[in-house]
1. Can you pull out the residues in region 6-31 that are open to solvent by less than 40 Å² (accessible area, probe 1.4 Å), free of Cβ contacts under 8 Å to residues at least 60 places away in the same chain and among the aliphatic types (A, V, I, L, M)?
2. Quickly run through region 120-136 and pick out the residues that are open to solvent by 20 Å² or more (accessible area, probe 1.4 Å) and out of contact with any Phe, Trp or Tyr (no Cβ under 8 Å at 6 or more places or on another chain).
3. Anything in region 103-119 that is touching a Phe, Trp or Tyr at 6+ places or on another chain (Cβ under 7 Å) and either within 15 Å of residue 75 (Cβ to Cβ) or touching a residue at least 60 places away in the same chain (Cβ under 8 Å) (or both)? List them, or say none.
4. Inside region 1-25, can you point out the residues that are of a type in the set (Val, Ile, Thr) and either touching a helix residue (DSSP H, G or I) at 6+ places or on another chain (Cβ under 6 Å) or not in a helix (DSSP H, G or I) (or both)?
5. Run down 93, 35 and say which single residue is polar (S, T, N, Q), at negative phi and without any contact (Cβ under 8 Å) to a residue 40 or more places away in the chain.
6. Among the numbered conditions (1) without any contact (Cβ under 8 Å) to a residue 40 or more places away in the chain; (2) in a helix (DSSP H, G or I); (3) open to solvent by 20 Å² or more (accessible area, probe 1.4 Å), tell me where residue 43 comes up short.
7. Taking helices (runs of 4 or more DSSP H) that do not extend beyond region 67-141, which have at least 1 residues that are out of contact with any Ser or Thr (no Cβ under 8 Å at 6 or more places or on another chain) and within 22 Å of residue 43 (Cα to Cα)?
Amino acid sequence: GDKINELQPDALFWTGDITPHDMWNQSLEHAIRYSDYLTDFMKENLDDWATYVIDGNHDYGVLLNSMDFREGQRDPIIDHQGVTWKQWFTDESMAEFFEGFYSQRFKTSDGRVHDKVRVLAINTEACYYYNLFLLAEMSDP
């Protein structure tokens, strides 16, 4: 965190794939442990910077490389991150996050809001070729 703090960035973009790519050791507890470790590090060391977060295709909870985005389905890792990542979302973007994406106005670390610039973040599980849940409902989440 020292180097990032030294650079004084306008914003941080956390693009997912938090967990190691050791698929044979994956579990919900494994994914949450790594997510919490990095979340705690970010909050403790990089809390001064505007931060935008999203999951990668290895940040799943129940089934290997799969998140169920069908209506009425919720993934436990997304629910957990909805609590632990709350400070980085607006109310509107938090609701979208549960659907597999979010969009919000770009706000820099110094508080400036850029009305004509939006951050768009997409959970790659929502379009990941090997996410078998996507075969159950062939519509774009």
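The values are calculated or read from the model by the stated rules, or taken from the named source; none is laboratory data. Bear in mind that the values here come from a model prediction, so they are computed numbers and not experimental data. Here the Cβ positions follow ideal geometry from the backbone for every residue, glycine too, while neighbour counts run over all protein chains shown. SASA here: full protein model, heavy atoms, side chains in, ligands and nucleic acids out. Shrake-Rupley method; radii C 1.70, N 1.55, O 1.52, S 1.80 Å.
1. Across region 6-31, the qualifying residues are 12, 18, 31.
2. Selection gives 124, 127, 128, 129, 130, 132, 135, 136.
3. Within region 103-119, the subset touching a Phe, Trp or Tyr at 6+ places or on another chain (Cβ under 7 Å) is 109, 114, 117-119.
Of everything in region 103-119, those that are touching a Phe, Trp or Tyr at 6+ places or on another chain (Cβ under 7 Å) and either within 15 Å of residue 75 (Cβ to Cβ) or touching a residue at least 60 places away in the same chain (Cβ under 8 Å) (or both) turn out to be 109, 119.
4. 15, 18, 19
5. Details: 35 fails: without any contact (Cβ under 8 Å) to a residue 40 or more places away in the chain.
Only one candidate qualifies: 93.
6. Failed condition: (1).
7. On the way: elements: 76-84, 91-97, 133-136.
Where helices (runs of 4 or more DSSP H) fall fully within region 67-141 and carry at least 1 residues being out of contact with any Ser or Thr (no Cβ under 8 Å at 6 or more places or on another chain) and within 22 Å of residue 43 (Cα to Cα), they are 76-84, 91-97.
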